[in-house]
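Structure record follows, encoded as structure tokens.
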Amino acid sequence: MGCVHGKCCSRYPPSSDGEMQDYEMEGSLRGQGTHMQRTVECASVASHRFRLEYSVLTQRGYYPDSQDKENQDSFSIRTQLQGNPNLHFFGVFDGHGQFGTQCSNFVKDKLVEKLSDDHTLLEDPIKAYNSAFIATNSELHDSDIDDSMSGTTAITVLIIGDTLYVANVGDSRAVIAVKDGNRIIAENLSYDQTPFRKDECERVKLCGARVLSVDQVEGLKDPNIQSWGDEETEGGDPPRIWVQNGMYPGTAFTRSVGDSTAEKIGVIAVPEVLTVQLTPSHLFLVVASDGVFEFLSSQTVVNMVARYKDPRDACAAIAAESYKLWLEHENRTDDITIIIVHIKDLSSV
């Protein structure tokens, strides 16, 4: 869920963040600007003797009033970061605004470059992550891309041995599947940074933002009622961030990379970083843009992945279901990007 002007999306790699190949889709996805890896890629974590099997799918949204609109999502997959066989990176970047495509592509390249070049990465991954995001944001501001009203969210997972470092800016999401007896439980690895969150709402207000829904800012609802329910029930007209005396920027997130106008009223590029040590109970990861999670819960997505042995089939099923639900609730769809990473052969020894 991006700025009030909407969002769009991008592409795939054969193994890292190279060029995508078309993947023939059945049913509702065919012809909808879908790209997918033809093969399931694999990366080993030699230090702990387990493997990562992964696939990625990205699909341009359907915009009836702008049928040539680009996919503003992009992604990056880098195995053996810094030449280290135990260091792997997965990221999804959801651009928004007029120059969202340029922003997401700039950030997906620059962020991983910053991490790759940071000699302190293994010593202090959280500090390195923060530094990489801040530096990338600064360089986007200084680039030729106009990011005054454009930017990108970023949900990224860095795997160092048997530890995950998940850095999030915005409202895309990472989820891990945990086996619990006969059940598979979805555990969120990130928490959407939106004005629905009281801590984020208060933070941007202290920076001078007005927080109002579109109906409130247009005078159709009482602006003094500062209660918007939750994202599940009020997703159609969410609280957004506005300058004090204007009808902009209208972002529905409180953190992003870029968005220099919104930055003046509290939208920041500082990531929230969550750390998880992997165990044999952890089955797979899902890293996806909010085009997936707008109408599908984390548990529903995990349930769908668990039905398929092949992550390509799971990616296709989730994209198709997301697309269908968007069209049931809206006259358009968002761009959709999904990375699924299976964790194979991890033992407790």
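Quick rundown of the values:
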{"read-out": "Spans of helices (runs of 4 or more DSSP H) in the range 153-248 with at least 2 residues under 21 Å from the mean Cα position of the chain (by Cα)", "value": "198-206, 231-234"}
{"read-out": "Strands (runs of 3 or more DSSP E) fully within the range 270-348 counting 1 or more residues that are β-branched (Val, Ile, Thr) and over 20 Å from Arg51 (Cα atoms)", "value": "272-277, 336-344"}
{"read-out": "Tabulated pairs, the range 245-259, first aliphatic (A, V, I, L, M), second open to solvent by less than 10 Å² (accessible area, probe 1.4 Å) and at pLDDT below 95, C-beta under 6 angstrom, 6+ apart or interchain", "value": "Ala252/Pro238"}
{"read-out": "Looking only at the range 304-322, and only at residues there that are open to solvent by 10 Å² or more (accessible area, probe 1.4 Å) and in contact with a helix residue (DSSP H, G or I) (Cβ under 6 Å, 6 or more places away or on another chain), the one that is nearest to Arg183 (Cα to Cα)", "value": "Met304"}
{"read-out": "Members of the range 108-120 that are without any contact (Cβ under 8 Å) to a residue 40 or more places away in the chain and within 15 Å of Val273 (Cβ to Cβ)", "value": "Lys114, Asp118, Thr120"}
{"read-out": "Thr58, sole failed condition from (1) of a type in the set (Ser, Thr, Tyr); (2) assigned to a loop (DSSP other than H, G, I, E, B); (3) touching a residue at least 40 places away in the same chain (Cβ under 8 Å)", "value": "(2)"}
{"read-out": "Extreme residue, farthest from Ser298 (Cα to Cα), among residues of the range 166-181 that are of a type outside the set (Gly, Ala, Ser) and buried (at least 21 other Cβ atoms within 10 Å of the Cβ)", "value": "Val169"}
{"read-out": "Tally of residues being part of a helix (DSSP H, G or I), under 16 Å from Pro271 (Cα atoms) and touching a helix residue (DSSP H, G or I) at 6+ places or on another chain (Cβ under 6 Å) across the range 102-139", "value": "8"}
{"read-out": "Subset of the range 183-222 [farther than 10 Å from Arg240 by Cα, surrounded by fewer than 21 Cβ atoms within 10 Å (Cβ to Cβ) and touching a Gly at 6+ places or on another chain (Cβ under 8 Å)]", "value": "Arg203, Lys205, Leu206, Cys207, Gly208"}
{"read-out": "Options Gly83, Gly95: the member that is surrounded by fewer than 19 Cβ atoms within 10 Å (Cβ to Cβ) and within 27 Å of Pro311 (Cβ to Cβ)", "value": "Gly83"}
{"read-out": "So Lys221, is it of a type in the set (D, E, K, R) and in contact (Cβ under 8 Å) with a residue 60 or more places away in the chain", "value": "no"}
{"read-out": "Residue under evaluation Phe133, criteria (1) closer than 19 Å to Val287 by Cα; (2) without any contact (Cβ under 8 Å) to a residue 40 or more places away in the chain, criterion not met", "value": "(2)"}
{"read-out": "Pairs where the first residue, in the range 325-336, is modelled with pLDDT under 95 and the second is exposed (fewer than 13 other Cβ atoms within 10 Å of the Cβ) and not aliphatic (A, V, I, L, M), C-beta under 7 Å, 6+ apart", "value": "Asn331/Pro64; Arg332/Pro64"}
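So that you can scan it fast, the table gives a plain yes or no per residue for (1) closer than 30 Å to Ser143 by Cα; (2) modelled with pLDDT under 95; (3) aromatic (Phe, Trp, Tyr); (4) out of contact with any helix residue (DSSP H, G or I) (no Cβ under 9 Å at 6 or more places or on another chain):
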residue: Asp199; (1), (2), (3), (4): no, no, no, yes
residue: Gln216; (1), (2), (3), (4): no, yes, no, yes
residue: Gly219; (1), (2), (3), (4): no, yes, no, yes
residue: Pro223; (1), (2), (3), (4): no, yes, no, no
residue: Val243; (1), (2), (3), (4): yes, no, no, no
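The values are calculated or read from the model by the stated rules, or taken from the named source; none is laboratory data. These numbers were taken from a predicted model, which means no experiment stands behind them. We place every Cβ from the backbone using ideal geometry, glycine too, and count neighbours over all the protein chains shown. Each accessible area value is taken on the protein alone, full model and side chains, heavy atoms only, with ligands, DNA and RNA left out. Shrake-Rupley method; radii C 1.70, N 1.55, O 1.52, S 1.80 Å.
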